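Reading through the structure tokens given below for one structure.
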């Protein structure tokens with residue numbers, strides 16, 4: 001009887017495992033027009049922000065952070081259209097809890113591996129990867145032998161905006177918690193490539 005139950009249990013577990021979403025792909029990993037849009041991301045506590053008035057044809061989700069007086073913090077965007085970069089900040093000035101940089105890529109490709117190679121040569125922090133996919137990664141930066149030193153989390157990804165590769169990354173000098181980096185990851189996934 002146990003063998004019969006086992007014979008039915010294994011295929012059922014395999015079927016359920018394939019439905020769980022883990023390892024799920026939409027077949028666009030190698031598609032050069034793929035975007036990072038995902039339907040599995042929980043955007044609770046976030047709001048859509050239009051980048052079109054700032055010279056970037058896309059929208060993205062940003063946190064709805066509330067100040068001490070109950071007002072929402074404004075989203076501050078600094079655009080440098082000469083260099084095709086956009087700094088998006090939410091939070092108290094100088095202590096932003098959300099700060100990503102979007103920049104047009106240089107067109108040379110292999111962006112993810114090039115950034116990983118750069119991080120390997122970091123002489124200050126030791127980086128370890130928390131999440132990885134072909135077009136995105138989140139990493140933890142820690143000081144070696146930094147007893148009691150807080151670890152910092154960052155994101156780095158590639159997305160097409162208006163059919164041009166753009167780098168989306170957390171502000172490199174930011175001291176972000178894992179939760180803050182997760183909000184920036186959600187912003188990355190929310191960027192839409194306009195039709």
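The values are calculated or read from the model by the stated rules, or taken from the named source; none is laboratory data. What you see is a predicted model, and the numbers here were worked out from it, not measured in a lab. Backbone-built Cβ (ideal geometry, glycine too); neighbour counts: all protein chains shown.
Picking from 116, 89, which residue would you name as being in contact with a strand residue (DSSP E or B) (Cβ under 8 Å, 6 or more places away or on another chain) and over 25 Å from residue 63 (Cα atoms)?
Values: 89 fails: over 25 Å from residue 63 (Cα atoms).
Of 116, 89, the one residue that is in contact with a strand residue (DSSP E or B) (Cβ under 8 Å, 6 or more places away or on another chain) and over 25 Å from residue 63 (Cα atoms) is 116.
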The correct count of residues that are touching a residue at least 40 places away in the same chain (Cβ under 8 Å) and loosely packed, with under 15 Cβ neighbours inside 10 Å in the stretch 110-132 is 1
Which residue out of 68, 37, 29, 22 is modelled with pLDDT of 50 or more and part of a loop (DSSP other than H, G, I, E, B)? 68
Out of 135, 68, 96, which single residue is over 16 Å from the mean Cα position of the chain (by Cα) and surrounded by 12 or more Cβ atoms within 10 Å (Cβ to Cβ)? 96
Exactly one condition in (1) more than 18 Å from residue 185 (Cα to Cα); (2) in contact with a strand residue (DSSP E or B) (Cβ under 6 Å, 6 or more places away or on another chain); (3) surrounded by 11 or more Cβ atoms within 10 Å (Cβ to Cβ) is false for residue 144; which is it? (3)
Among the residues of the stretch 71-125 satisfying the criterion of being touching a helix residue (DSSP H, G or I) at 6+ places or on another chain (Cβ under 7 Å) and assigned to a loop (DSSP other than H, G, I, E, B), which is modelled with the lowest pLDDT? 97
